[in-house]
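Just below is one structure, and these are the notes that go with it.
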Amino acid sequence: MVRKNSPLINALRRSGGTALLLILAACAAPPPYQMPAPKAEPVVAAAPKEATLPPPPPAPAQPVQEAPKPVQKEAAEPPSRAFKLGPATQALVNQARGQVTKGQLPGASATLDRALRIEPQNPLLWIEVARLRLTEGDTKQAENCARRALLLGSTDVSVRQTAGHLLADILRALHRDDDAKDLEDQPWMN
Amino acid sequence: MTTTRTVWMLPRKVLYALGGIILIAALGLLGWVFYLDGVVQHEFKGRLWSVPARVYAAPTDLYVGATVTADDLDTELRRLHYRIGDPGSGPGIYRRKGGDFEINTRRVRFVDEMRAPVRIRVHANAEGIAGIESADGTELPLFRLDPLLIGSVFPVHGEDRIVLTPNDVPEMLVTFLKTIEDRRFDEHNGVDLRSILRAIWADVRAGHMVQGGSTLTQQLVKNYFLTDERTFGRKLKEAVMAMRLEAHYTKEEILIAYLNEIDLGQDGERAIHGFGLGSEYYFGKPIDELEPAEMALLVGLVKGPSWYDPLKHPDRARTRRNLVLKELGEAKVLDAAAVTRAQAQPLGLRPAGAGYVPAFLDLVRRHLKRDYAEADLAAAGLSIYTTLDPHAQAAAERAVTNQLKRLDTIAHNRSKGAPLEAAMIIAEPTSGQVLAVVGGRDTRFLGFNRALDARRSIGSLVKPAVYLTALETGRYNAATILLDAPLELKLPDGQVWAPQNYTHEVFGSVPMVRALSESMNLATVRLGLELGLPAVADTLQKLGLERRPALNPSMLLGTVEMTPLEVIQVYTALANGGFQSRLRSVQAVLDEDGKALKSFKLEVTPAASPAAVYEVSRMMTQVTERGTGRAVGARLHVTMPAKTGTSSDLRDSWFAGFTGSHVAVAWVGYDDNRPTGLTGATGALPVWLDAMSELHLKAWQPDTPTEVEDRWIEFSSGLATEPRCSADAVLVGVPRGTTLTARQGCGQPASESVVDRVKSWLEKTVH
């Protein structure tokens, strides 16, 4: 009888239920975004290895030109460049190197990011990033960045050699001594 | 006797029953209060008692040669809320004389340092920055401005909300709110009996409910937990919960929760919660920049956000605002002159332009989820440094807004449903930094984020992947003749597929460079079938598409569906010389102490042969020079590879392309897939072009990979030629040593000196 007639119990049930629902709703609210599935391995394996390594062309001795400034309409591309860093990116590279010496690797990474925003296509910056990745122990990314530097600097004899030697060191760290040797035997490396 | 006994027994029964009822009622009440207490605490702990993460745009770097003009710098400083005045008087103040700026910067935390206020001088002109020096005259190689705050978010909840912290809230807003809604807020314990009695008296006099008499705490509780029904039961529950809330939390905590939670309106499906978002939504500026009239309007909205909706019912909103102002005057919060002045002002609803960037923040949240541990993100007071370029973002927003306005008048089927929509993403290809994201027509409000979620047929945007696949085999080059001729294909389901060119023309024998830049369907399908569908799908995946597209022959014409984000990822690999650069919007996340969380760094991965990518990109420059995208070349005069895309029946209009400094994609279409009557060139291209023309673009000018050489061929025939022989000559990249058939009388010498090339280029340009 008490049970049947107790509006309070009913009210309690109702509100308790509501409360419970509210709690549940709060806990079980679906995450706003799906977590992405774990990433597949980078597609490096699928890419033809030799395709990313510039083949050995004869390195023509050509007059060295200044790194071209961005132009509004292209001229015929110069066959050889001498890349250098602008004062701003040079300052950032110095800063990043200082950070590496002090063991501030994330800071160095951020500094080089900043430099890349200023001169994204400068192979010298990519060489710096490759070195940093090597220091961090991310040898795979070090290799990729060195290859990026090689491609960007393919017309600068000295940049190419620097990037080539760095890449050879990285390949040795990856226990790919034969690849490193092949690279070092390229005519343009000497 | 029986009677007496019964009589005697009855009261005892009643007594027991009564006792039982009272006991259970008391227990029930206790349980009920306990429950409500739990609900209140749970909800508050989980939602608002942590400091939101602050999200910043990439800081602008100033250095000699940076393309920041004097006016750009001025805009930037104002955007950062620097005031004009004597820089000697304190941080956050600057003075400009022509192109000379004296700036006293604020104390500011960057990813890698905390910088104390410093005084600098910057010289800028119409081209960019000409010099920077510190106060003592030392030249500085570079200097970065404060990073612009673009939002406060809870990375884990991922809500579209601008969360205010106590420091963000202007004192005036609090005063207005208390005066209008709850004058005894600081004294009562959640429920204000006096105001309830006053409300009841008002109701009785009116004969129905006219006043709620709710405190801010009760309103907050109602907003959090309860429906809008006006019953005694709900009122009671609200009162109990309000009192429990007051028992657990301070007045300041409750007030800040209120300011962040209260309902201030509705935008389509989405509720506008909180004064932070309300201020951006209605006025397009942060809360601390509101004037009294604007603040009064927001405070007035609390009473009935949909009834007083200033966008839908401006007259009601104005009346309400002026009533609020009048009450503020009567309460001596504002003086009479201020009230009169404020009442005379227009509503001042938001103008168009950059500010709150919900679509970009949406990408930031997803990248945070992708790259960081959820436990780390739940920490209070994080600082999130993003890659947003406010200048590029503003350009993309303007382009979408202005072009949609124009396209609205020419698109087909425009009256048959929701209006035409658009999306755009701009990124820096080499490092994969996302600079701008526009998710739809209303750039200030995050509804459906088309840039990230609209998966649509990409049409001919797929063609560069087909041609790249061909070039990578080594059996094709830009001069290879393809056959553009009708074909019929029996599909597995028995149907016959007979693709056609857009113009229904048939072009016969055409060199690859022309087939691609004029987007010929028949030639492309024939080529793709020769290569095999799996090979083309492989290429798309290598370039960064994270799903395997369905292998239908029609995939070669772009029935494959992709989001703008997926498209730009693929095009970034092309822009990046065959290296995939994983797109990212987050540069770093710092915790409350300024320590970097384990973060996601720049990542590049070789994805395709750089030689083949160079060749296809060089071909794609013809799209903007003489092909379907020539309007771009005509306006920008910068060499850039690009591609138009149009899906079947003109349902989707796409344009994607890149320069040496930017890669961008634009999409235009209807959400329900109605045909728009727009091609890639008439719909998305103008959006893309408008945005890109505002940026400081660097020409696409990569070094020619060593395995490739640049040669001149005739656009129509593919025969080797020289610019002096043919107005039809185009420069293409072919594998070094490729034998090209030459037109008689105008062969190309086997090797050409630079001087000759420059000369022939000049001749071509002059003619």
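Of the listed requirements (1) over 27 Å from B:VAL687 (Cα atoms); (2) buried (at least 22 other Cβ atoms within 10 Å of the Cβ), B:PRO553 misses just one: (2). Listed by position, the strands (runs of 3 or more DSSP E) contained in the stretch B:638-708 that have at least 3 residues being β-branched (Val, Ile, Thr), in contact with a helix residue (DSSP H, G or I) (Cβ under 9 Å, 6 or more places away or on another chain) and open to solvent by less than 10 Å² (accessible area, probe 1.4 Å) are B:663-669. Of the residues making up the stretch B:263-319, those that are part of a helix (DSSP H, G or I) and either charged (D, E, K, R) or open to solvent by 60 Å² or more (accessible area, probe 1.4 Å) (or both) are B:GLU280, B:ASP288, B:GLU289, B:GLU294, B:ASP315, B:ARG316, B:ARG318, B:THR319.
Being closer than 30 Å to B:VAL357 by Cβ, modelled with pLDDT under 80 and open to solvent by 30 Å² or more (accessible area, probe 1.4 Å) is a property that B:GLU159 has.
Note on the stretch A:129-148: residues that are over 18 Å from A:ARG97 (Cα atoms) and more than 10 Å from chain B (Cβ to nearest Cβ) total 1. Scanning the stretch A:173-190 for residues that are open to solvent by 90 Å² or more (accessible area, probe 1.4 Å) and in a helix (DSSP H, G or I) gives A:ASP178, A:LYS181, A:ASP182. For the stretch B:564-603, filtering for residues that are in contact with a helix residue (DSSP H, G or I) (Cβ under 7 Å, 6 or more places away or on another chain) and free of Cβ contacts under 8 Å to residues at least 60 places away in the same chain leaves 5. Among the conditions (1) within 14 Å of chain A (Cβ to nearest Cβ); (2) touching a residue at least 12 places away in the same chain (Cβ under 8 Å); (3) within 22 Å of B:GLU566 (Cα to Cα); (4) of a type in the set (Lys, Arg), the only one that B:ARG651 does not satisfy is (1). Scanning the stretch B:714-729 for residues that are among the hydrophobic types (A, V, I, L, M, F, W, C), more than 15 Å from B:GLU625 (Cα to Cα) and open to solvent by less than 20 Å² (accessible area, probe 1.4 Å) turns up just one, B:ALA720.
Do we have B:LEU583 as open to solvent by less than 30 Å² (accessible area, probe 1.4 Å) and under 26 Å from the mean Cα position of the chain (by Cα) here? Yes: the conditions hold for B:LEU583. For the stretch B:104-141, the set of residues classified as within 31 Å of the chain's Cα centre (by Cα), within 14 Å of chain A (Cβ to nearest Cβ), β-branched (Val, Ile, Thr) and part of a loop (DSSP other than H, G, I, E, B) consists of B:VAL111 only. Filtering B:ALA596, B:ALA631 for residues that are open to solvent by 20 Å² or more (accessible area, probe 1.4 Å), small (Gly, Ala, Ser) and more than 22 Å from B:SER460 (Cβ to Cβ) leaves a single hit, B:ALA596.
Determine, yes or no, whether B:GLU397 is within 14 Å of chain A (Cβ to nearest Cβ) and of a type in the set (Asp, Glu). Taking the combined requirement at face value, the residue does not satisfy it. Here the stretch B:408-434 is the region considered, the condition is being at pLDDT 95 or above and not in a loop (DSSP other than H, G, I, E, B), and the residue that is farthest from the chain's Cα centre (by Cα) is B:GLU421. Evaluate the following for B:PHE101: is it in a strand (DSSP E or B), crowded, with 20+ Cβ neighbours inside 10 Å and free of Cβ contacts under 8 Å to residues at least 60 places away in the same chain? In short, yes. Listed by first and then second residue, the pairs with beta-carbon distance under 8 Å, at least 6 apart or on different chains, first residue in the stretch B:16-36 and facing chain A (nearest Cβ under 7 Å), second among the charged types (D, E, K, R), are B:LEU36/B:LYS237; B:LEU36/B:ARG244. For the stretch B:86-98, a residue qualifies if it is at pLDDT below 90 and surrounded by fewer than 17 Cβ atoms within 10 Å (Cβ to Cβ), and the qualifying residues are B:SER89, B:GLY90, B:PRO91.
Condition check ((1) modelled with pLDDT of 90 or more; (2) touching a strand residue (DSSP E or B) at 6+ places or on another chain (Cβ under 6 Å)) across all residues:
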| site | (1), (2) |
| --- | --- |
| B:ASP371 | no, no |
| B:ASP389 | yes, yes |
| B:ALA399 | yes, no |
| B:GLN403 | yes, no |
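For the stretch B:465-481, the count of residues that are within 28 Å of B:TYR670 (Cβ to Cβ), modelled with pLDDT of 95 or more and surrounded by 14 or more Cβ atoms within 10 Å (Cβ to Cβ) is nonzero. When restricted to residues that are more than 10 Å from chain B (Cβ to nearest Cβ) and under 19 Å from the mean Cα position of the chain (by Cα), the stretch A:85-112 contains 3. Restricting attention to the stretch B:51-81, the residues that are among the charged types (D, E, K, R) and surrounded by 20 or more Cβ atoms within 10 Å (Cβ to Cβ) add up to 1.
For the residues B:THR628, B:THR659, the requirement of being touching a residue at least 24 places away in the same chain (Cβ under 8 Å) and within 14 Å of chain A (Cβ to nearest Cβ) singles out B:THR659.
Contact map, the stretch B:151-177: first residue on the phi > 0 side of the Ramachandran plot and within 14 Å of another protein chain (Cβ to nearest Cβ), second residue open to solvent by less than 20 Å² (accessible area, probe 1.4 Å) and modelled with pLDDT of 85 or more, Cβ cut-off under 6 Å, separation 6 or more or different chains; pairs are B:GLY158/B:ARG365. Among the residues of the stretch B:736-743, are any surrounded by 18 or more Cβ atoms within 10 Å (Cβ to Cβ) and either on the phi > 0 side of the Ramachandran plot or in contact (Cβ under 8 Å) with a residue 60 or more places away in the chain (or both)? Taking every residue of the stretch B:736-743 in turn, at least one turns out to be surrounded by 18 or more Cβ atoms within 10 Å (Cβ to Cβ) and either on the phi > 0 side of the Ramachandran plot or in contact (Cβ under 8 Å) with a residue 60 or more places away in the chain (or both). B:LEU602 satisfies every condition listed in (1) within 22 Å of the chain's Cα centre (by Cα); (2) assigned to a strand (DSSP E or B); (3) facing chain A (nearest Cβ under 10 Å) except (2). Taking the numbered list (1) touching a Lys or Arg at 6+ places or on another chain (Cβ under 9 Å); (2) open to solvent by less than 30 Å² (accessible area, probe 1.4 Å); (3) more than 10 Å from chain B (Cβ to nearest Cβ); (4) within 17 Å of B:GLY577 (Cα to Cα) in turn, A:TRP126 passes all entries but (3).
The values are calculated or read from the model by the stated rules, or taken from the named source; none is laboratory data. Bear in mind that the values here come from a model prediction, so they are computed numbers and not experimental data. Ideal geometry is used to build each Cβ from the backbone, glycine not excepted, and the neighbour counts take in all protein chains shown. Quick note on the areas: whole protein, heavy atoms, side chains included, nothing else; ligands and nucleic acids left out. Shrake-Rupley method; radii C 1.70, N 1.55, O 1.52, S 1.80 Å.
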